[in-house]
Amino acid sequence: MRTFDCVLVTGGAGFIGSNFIRYLLSREEFQGKVVNLDALTYAGNLESLTDVQAAYGGERYVFIRADICDRAAVEGVFAEHAPDAVVHFAAESHVDRSVIAPADFVRTNVLGTCTVLDAASRAWNGRQAVLFHHVSTDEVYGTLGPTGAFTEETAYDPRSPYSASKAASDHLVMAWHASYDLPVTLSSCSNNYGPYQFPEKLVPLMILNMLENKLLPVYGDGKNIRDWLYVEDHASAVWKIVTEGRIGQKYNVGGGNQWENIRLVRALCAEVANQTGVGASDLEKRITFVKDRPGHDRRYAIDSSKIRKELGWRPSVSLEEGLERTVRWYRENAAWVDHVRTGAYAEWISKNYGER
């Protein structure tokens, strides 16, 4: 098992990054320092790490506000903190927004990844007791028919500016491994859900619309299928790969929960009804099918057999349990939701979609 003294987490104020930092610092086997590098765009929120700052701030947790495309800033982090591992979450990640503003996704996901890779390679200068772990997505594989699942050998076939930019970043990571002997690992995960997820994503959007008596917009016929993974299970998989995964290898991480979107929305209706006393049928009446988005892949399914067999990882939270936890979290954290909906996010929505 590999051990590290300082882990640089890019995008650590985002949904998955903040949950990973919380998970990592809670691990008894990790006694090192975490450096969180985040630009705090609209989807980054330090309130997601208030408890971490209170418990570990100073000696074991440091936050640095910087853009991963800023070469001087990234190189400065390596010079000051000497991380021996990078876990690279930072990315523009919303498909709808990538259709509207593709250049933003190319800049962050491609140029930003290149900048961090280059800084790590130069700072480590051939060292091998280091690691660059890149977090990717199953969307790089494109879409599936009614059967089959994505494996690590599935050919890339991205269908949106988002997935194309992530595919490009994946290739850069493997190119740095081949060209500069940089120790790397890579993971592609299925759809995450859980606490601290930004409200534009499907699960929190539906929960909040139910709680606020709004319509529940579902793309197309609602039969697009996704594999759902609770965010804490994803965090445990990433750390498993970082500490035990084979160098130069890619691991698919899925929850084994392949559900149609409409089935997921109805399950959320039932869970919100269970927790609030509102009738599930009344909530379901708000479901509204809307025009499908461009490039909407029909089905994703992840084959996680490699990480299960090689590293012994398995998800620990069922979808039903995860949805119960998630609904409860959003009900109990209205202040967090209100805060992230204001400021930069509100400005972006107004600029690109008009008033809502």
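The values are calculated or read from the model by the stated rules, or taken from the named source; none is laboratory data. On a predicted model such as this, the values are computed, not experimentally measured, just so you know. Virtual Cβ from ideal backbone geometry, glycine too; neighbours counted across all protein chains shown.
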*Just a yes or no: is a residue in the stretch 318-341 under 18 Å from His94 (Cβ atoms) and at pLDDT 90 or above?*
yes
*Is it true that some residue in the stretch 217-235 is in contact (Cβ under 8 Å) with a residue 12 or more places away in the chain and within 23 Å of Thr342 (Cβ to Cβ)?*
yes
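Those residues that are assigned to a loop (DSSP other than H, G, I, E, B) and of a type in the set (A, V, I, L, M, F, W, C), I need them from the stretch 203-218; list them, please.
Within the stretch 203-218, Leu215 is the sole residue that qualifies.
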*Would you please name the residue that is farthest from Glu320 (Cα to Cα), looking only at residues in the stretch 281-307 that are surrounded by 14 or more Cβ atoms within 10 Å (Cβ to Cβ) and modelled with pLDDT of 95 or more?*
Lys306
_Extreme residue, modelled with the highest pLDDT, among residues of the stretch 59-79 that are acidic (Asp, Glu) and closer than 22 Å to Arg22 by Cα_ = Asp67
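Would it be correct to say that Val242 is modelled with pLDDT of 95 or more, touching a Cys at 6+ places or on another chain (Cβ under 7 Å) and not small (Gly, Ala, Ser)?
no
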*Restrict the check to the stretch 164-182 and report whether at least one residue is under 17 Å from Ser98 (Cβ atoms) and at pLDDT below 95.*
no
*Any chance the stretch 41-48 includes a residue that's over 22 Å from Asn333 (Cα atoms), under 19 Å from the mean Cα position of the chain (by Cα) and either in a loop (DSSP other than H, G, I, E, B) or touching a residue at least 24 places away in the same chain (Cβ under 8 Å) (or both)?*
no
_Hits in the stretch 299-315 (condition: over 18 Å from Met1 (Cα atoms) and acidic (Asp, Glu))_ = Asp303
*State all residues of the stretch 12-40 that are in a loop (DSSP other than H, G, I, E, B) and either more than 15 Å from the chain's Cα centre (by Cα) or without any contact (Cβ under 8 Å) to a residue 60 or more places away in the chain (or both); if no residue qualifies, say none.*
Ala13, Ser26, Arg27, Glu28, Glu29, Phe30, Gln31, Gly32, Ala39, Leu40
*Could you check Gly58 against (1) surrounded by fewer than 22 Cβ atoms within 10 Å (Cβ to Cβ); (2) touching a helix residue (DSSP H, G or I) at 6+ places or on another chain (Cβ under 8 Å); (3) of a type in the set (Gly, Ala, Ser) and say which number it fails?*
(2)
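Only one residue in Ser188, Ser163 is surrounded by 15 or more Cβ atoms within 10 Å (Cβ to Cβ), under 15 Å from the mean Cα position of the chain (by Cα) and within 24 Å of Glu244 (Cβ to Cβ). Which one? Explain how you work it out, then say what you get.
Details: Ser163 fails: within 24 Å of Glu244 (Cβ to Cβ).
Matching residue, one of Ser188, Ser163: Ser188.
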*What number of residues in the stretch 275-333 are in a loop (DSSP other than H, G, I, E, B) and over 30 Å from Ile247 (Cβ atoms)?*
15
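Residue under question is Glu244, and the condition is that it be surrounded by 19 or more Cβ atoms within 10 Å (Cβ to Cβ) and more than 19 Å from the chain's Cα centre (by Cα); does it hold?
It is false that Glu244 is surrounded by 19 or more Cβ atoms within 10 Å (Cβ to Cβ) and more than 19 Å from the chain's Cα centre (by Cα).
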*If you check Ala85, Ala149, Ala103, Ala90, which single one turns out to be out of contact with any helix residue (DSSP H, G or I) (no Cβ under 7 Å at 6 or more places or on another chain) and either surrounded by fewer than 18 Cβ atoms within 10 Å (Cβ to Cβ) or within 19 Å of Ile21 (Cβ to Cβ) (or both)?*
Ala103
_On the basis of being more than 25 Å from Ala237 (Cβ to Cβ) and modelled with pLDDT of 95 or more, does Phe4 make the cut?_
no
*Selection count where residues are over 18 Å from the mean Cα position of the chain (by Cα), in contact (Cβ under 8 Å) with a residue 12 or more places away in the chain and in a loop (DSSP other than H, G, I, E, B), scope the stretch 49-79*: 5
*Which helices (runs of 4 or more DSSP H) does the stretch 98-195 wholly contain that include 2 or more residues that are in contact with a Gly (Cβ under 8 Å, 6 or more places away or on another chain) and not polar (S, T, N, Q)?*
161-180
*Applying the selection to the stretch 21-35, what residues are aromatic (Phe, Trp, Tyr) and farther than 15 Å from Thr3 by Cβ?*
Tyr23
*Please enumerate the residues belonging to the stretch 80-97 that are more than 16 Å from Gly12 (Cβ to Cβ), modelled with pLDDT of 95 or more and either in contact with a Lys or Arg (Cβ under 8 Å, 6 or more places away or on another chain) or assigned to a loop (DSSP other than H, G, I, E, B) (or both).*
Ala82, Asp84
